[in-house]
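The values are calculated or read from the model by the stated rules, or taken from the named source; none is laboratory data. Predicted, not measured: the structure shown is a model, and the values here were computed from it. Using ideal geometry, Cβ is built from the backbone for each residue, glycine included, and neighbour counts are taken over all protein chains shown. Just the protein is used for accessible areas: all its heavy atoms, side chains included, with ligands, DNA and RNA removed. Shrake-Rupley method; radii C 1.70, N 1.55, O 1.52, S 1.80 Å.
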Amino acid sequence: MASIRDSSLGLRAPNNPNPVVNVNDPNMACGQPGYRSNVVINVKAGDRIGGFWGHALGGAQWPGDPAQYIDKSHKGPIMHYMAKVDNAATSSAAGLNWFKISEESFNAGQRRWAVDNMIANSGWSYTTIPACIAPGQYLLRVELLALHSAYSNMGAQFYQSCAQINVSSSGTLVPSQTVSIPGLYQQNDPSILIQIWVNGKDDNGGRPYKAPGPAPMTC
């Protein structure tokens, strides 16, 4: 879900690169306020959907900008949620029932974070719309949690945005295991208040890391 207006059809995109740090902030749902499209994107259940990340509005700040997508210090997981709505273009992001559809976290063996993979993939992260979900309109939420300063209270940085989608599907599932956003996280959750720096490296000391929130739904 890019935050560049020319790439924002169907998106609720922030107008600044600042994170949300308070897990009870209403902006936890779809990110900092900014541009909001009136377009709903047509997709099919089973489609692979890409979200593009940008560190600053307008793209690279100079040729060869090493932080074009995000500063490489911002290690952490990337997660995707959906919430069913009547009208994706006009629905409020407040009070919805969200369910997680995917997450990419930390490969302890390779000591590699989801953010590392996103940067290596030229700013793209991907998810797949579950094949079994019921047709209709949804908000699709992408969230990046940067943990480089998460060792202190409200040091974790949440970056999120929402896409407005209309899903065509032969499925019938409307997930009953849902969460509220905000309300999903606590400030002291062990995946949010955490020291990932060990011996001068931001690799969590090679320890396993579990992304916050519920497990992704399954069909």
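Structure values in brief
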read-out	value
Filtered residue count, segment 145-154, keeping only those that are open to solvent by 10 Å² or more (accessible area, probe 1.4 Å) and of a type in the set (Gly, Ala, Ser)	2
Members of segment 154-172 that are farther than 21 Å from Ala93 by Cα and of a type outside the set (Gly, Ala, Ser)	Met154, Thr172
Ala2 open to solvent by less than 20 Å² (accessible area, probe 1.4 Å), under 18 Å from Tyr159 (Cα atoms), modelled with pLDDT under 95 and of a type outside the set (Phe, Trp, Tyr)	yes
Where Ala93 falls short, out of the listed (1) farther than 20 Å from Leu145 by Cα; (2) part of a loop (DSSP other than H, G, I, E, B); (3) of a type outside the set (S, T, N, Q)	(1)
Test: residue in segment 136-144 that is open to solvent by 10 Å² or more (accessible area, probe 1.4 Å), free of Cβ contacts under 8 Å to residues at least 24 places away in the same chain and not basic (Lys, Arg)	no
Breaking point among (1) in contact with a helix residue (DSSP H, G or I) (Cβ under 6 Å, 6 or more places away or on another chain); (2) open to solvent by less than 30 Å² (accessible area, probe 1.4 Å), for Ala163	(1)
Given (1) under 23 Å from Tyr35 (Cα atoms); (2) surrounded by 18 or more Cβ atoms within 10 Å (Cβ to Cβ), index of the condition Phe99 fails	(1)
When residues of segment 30-58 are limited to those that are assigned to a loop (DSSP other than H, G, I, E, B) and without any contact (Cβ under 8 Å) to a residue 40 or more places away in the chain, the one surrounded by the fewest Cβ atoms within 10 Å (Cβ to Cβ)	Pro33
Cβ-Cβ under 8 Å pairs, at least 6 apart or on other chains, segment 6-29 side over 11 Å from Gly183 (Cα atoms) and in contact (Cβ under 8 Å) with a residue 12 or more places away in the chain, far side open to solvent by 10 Å² or more (accessible area, probe 1.4 Å) and part of a helix (DSSP H, G or I)	Ala13/Arg5; Val20/Asn27
Pair list, Cβ < 8 Å and 6+ apart or interchain, from segment 162-186 residues that are within 13 Å of Ala131 (Cβ to Cβ) to residues that are charged (D, E, K, R) and in a strand (DSSP E or B)	Val167/Lys44; Ser168/Lys44; Ser169/Lys44
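Each row is one residue, and each column tells you yes or no for (1) open to solvent by 50 Å² or more (accessible area, probe 1.4 Å); (2) in contact (Cβ under 8 Å) with a residue 12 or more places away in the chain; (3) aliphatic (A, V, I, L, M).
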site	(1), (2), (3)
His74	no, yes, no
Pro77	no, yes, no
Val85	no, yes, yes
Gly95	yes, yes, no
Glu104	yes, yes, no
Gln110	yes, no, no
Val115	no, yes, yes
